[in-house]
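The values are calculated or read from the model by the stated rules, or taken from the named source; none is laboratory data. Note that the coordinates shown come from a computational prediction; the quantities given were computed from them, not determined experimentally. Cβ atoms come from the backbone with ideal geometry, glycine included; neighbour counts cover every protein chain shown.
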């Protein structure tokens, strides 16, 4: 895979996530129950948190370091997600949406500047990008679409 192919994969999955939220009102975006007790706002904060994690750990992967384990730092991925949900619930919807867009733009910029050899094959670097972006977004886009269908939105 080359860099443009990777960016295209990310863009396609990102567009699907964006389409899943198109037309929702602020009230609908903050209504719990999309995934468990998460609202669309919570999901946007969650996606942002994982893109931020990618941005934090991708440079370490380039340096040959292993990122710390979430089980050690937070008590597991579920605990990390819960912590980030609490943090994002304290933010306004506008702030969550702004961070969602800005963090994604930063991730794309970082990938554009990344060494080609880290993208050409299935490296830890590319795996981290996949897990925190184009394989992650569709899971939440699908949940939002199903919730919208059930809710009549």
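From 81, 88, which residue is in contact with a helix residue (DSSP H, G or I) (Cβ under 7 Å, 6 or more places away or on another chain), closer than 30 Å to residue 149 by Cα and surrounded by fewer than 19 Cβ atoms within 10 Å (Cβ to Cβ)? On inspection, the qualifying residue turns out to be 81.
Of the helices (runs of 4 or more DSSP H) contained entirely in the range 50-129, those carrying at least 2 residues that are touching a residue at least 60 places away in the same chain (Cβ under 8 Å) fall at 93-113, 116-120. In the condition set (1) within 24 Å of residue 105 (Cβ to Cβ); (2) at pLDDT 95 or above; (3) surrounded by fewer than 17 Cβ atoms within 10 Å (Cβ to Cβ), residue 38 is compliant with all but (3). When residue 32 is tested against the conditions (1) surrounded by fewer than 17 Cβ atoms within 10 Å (Cβ to Cβ); (2) closer than 21 Å to residue 139 by Cβ; (3) touching a residue at least 60 places away in the same chain (Cβ under 8 Å), the lone failure is (3). Go through the range 15-29 residue by residue and tally those that are buried (at least 20 other Cβ atoms within 10 Å of the Cβ) and over 14 Å from residue 143 (Cα atoms). Residues in the range 15-29 being buried (at least 20 other Cβ atoms within 10 Å of the Cβ) and over 14 Å from residue 143 (Cα atoms): 0 in total.
Considering the conditions (1) under 23 Å from residue 151 (Cβ atoms); (2) assigned to a helix (DSSP H, G or I); (3) touching a residue at least 60 places away in the same chain (Cβ under 8 Å); (4) over 14 Å from the mean Cα position of the chain (by Cα), residue 27 is excluded by exactly one of them, (3). Going through (1) within 15 Å of the chain's Cα centre (by Cα); (2) free of Cβ contacts under 8 Å to residues at least 12 places away in the same chain one by one, residue 41 falls short only on (2).
The requirement of being over 24 Å from residue 20 (Cβ atoms) and modelled with pLDDT under 95 is satisfied by residue 71.
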